[in-house]
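Engineer: My questions will all concern the structure given below.
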Amino acid sequence: MTEFDTGLPSIKQLQAYVKDKQEVELKLVTDDLIVGKIMWQDSQCLCLLDHYDQPTLVWRQALVYLKPKS
């Protein structure tokens, strides 16, 4: 199991998105684009809530990038 290091800048940034309920855009290795708000994260996954309040689990290894939606 991978250790979840909450001191890493990337983890802190994601936690700020969660706290601020910031809408983000996720690009996946499948070339899909997902938009929503991160509900939680752990060492393996993110849970993204879309515009229909539908939760989607995204494995970190599937991410190409994540950025705040402007």
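Engineer: Suppose we keep only residues that are in contact (Cβ under 8 Å) with a residue 40 or more places away in the chain and aliphatic (A, V, I, L, M) within region 4-32. Which one would you say is farthest from Leu49 (Cα to Cα)?
Structural biologist: Filtering region 4-32 for residues that are in contact (Cβ under 8 Å) with a residue 40 or more places away in the chain and aliphatic (A, V, I, L, M), the one farthest from Leu49 (Cα to Cα) comes out as Leu14.
Engineer: In region 51-70, what residues are of a type in the set (D, E, K, R) and more than 10 Å from Val24 (Cα to Cα)?
Structural biologist: Within region 51-70, the first condition is being of a type in the set (D, E, K, R), and the residues that meet it are 53, 60, 67, 69.
Selection gives Asp53, Arg60.
Engineer: Test of understanding: among Gly7, Gly36, which residue is of a type outside the set (Ser, Thr, Tyr) and in contact with a His (Cβ under 9 Å, 6 or more places away or on another chain)? Spell out the reasoning first.
Structural biologist: On the way: Gly7 fails: in contact with a His (Cβ under 9 Å, 6 or more places away or on another chain).
Every option except Gly36 fails the conditions.
Engineer: While we're looking at this one, here's another question. With the condition being touching a Cys at 6+ places or on another chain (Cβ under 7 Å), I'd like the strands (runs of 3 or more DSSP E) fully within the chain carrying at least 1 qualifying residues. Let's see the steps before the verdict.
Structural biologist: Numbers: elements: 23-28, 33-41, 45-49, 55-59, 63-68.
Per the criteria, 33-41, 55-59.
Engineer: Lys27 - would you say it is modelled with pLDDT of 95 or more and at positive phi? First the steps, then the outcome.
Structural biologist: Details: modelled with pLDDT of 95 or more: yes; at positive phi: no.
So Lys27 fails the test.
Engineer: Here's another thing I want to ask about it. Testing Lys37 on (1) under 11 Å from the mean Cα position of the chain (by Cα); (2) loosely packed, with under 15 Cβ neighbours inside 10 Å, one condition comes back false. Which one is that?
Structural biologist: Tallying (1) under 11 Å from the mean Cα position of the chain (by Cα); (2) loosely packed, with under 15 Cβ neighbours inside 10 Å, Lys37 fails exactly one: (2).
Engineer: In addition: For region 43-59, what are the residues that are of a type in the set (A, V, I, L, M) and exposed (fewer than 14 other Cβ atoms within 10 Å of the Cβ)?
Structural biologist: First, pick out the residues of region 43-59 that are of a type in the set (A, V, I, L, M): 46, 48-49, 57-58.
Scanning region 43-59 gives a single hit, Leu57.
Engineer: May I pose another question? Could you please find all residues in region 40-68 being within 13 Å of Leu14 (Cα to Cα) and more than 11 Å from the chain's Cα centre (by Cα)? First the steps, then the outcome.
Structural biologist: Taking region 40-68 as the starting set, the residues that turn out to be within 13 Å of Leu14 (Cα to Cα) are 40-43, 45-48, 60, 65-68.
The answer is Ser43, and nothing else.
Engineer: Looking at Glu3, is it surrounded by 12 or more Cβ atoms within 10 Å (Cβ to Cβ) and among the acidic types (Asp, Glu)?
Structural biologist: Values: surrounded by 12 or more Cβ atoms within 10 Å (Cβ to Cβ): no; among the acidic types (Asp, Glu): yes.
The answer is no for Glu3.
Engineer: Does Thr6 qualify as being modelled with pLDDT under 95 and among the β-branched types (Val, Ile, Thr)? Reasoning before the result, please.
Structural biologist: Numbers: modelled with pLDDT under 95: yes; among the β-branched types (Val, Ile, Thr): yes.
Judged against the criteria, Thr6 is a match.
The values are calculated or read from the model by the stated rules, or taken from the named source; none is laboratory data. Quick caveat, the model's predicted, so the values are computed rather than measured. Here Cβ is always computed from backbone atoms with ideal geometry, including for glycine, and neighbour counts include all displayed protein chains.
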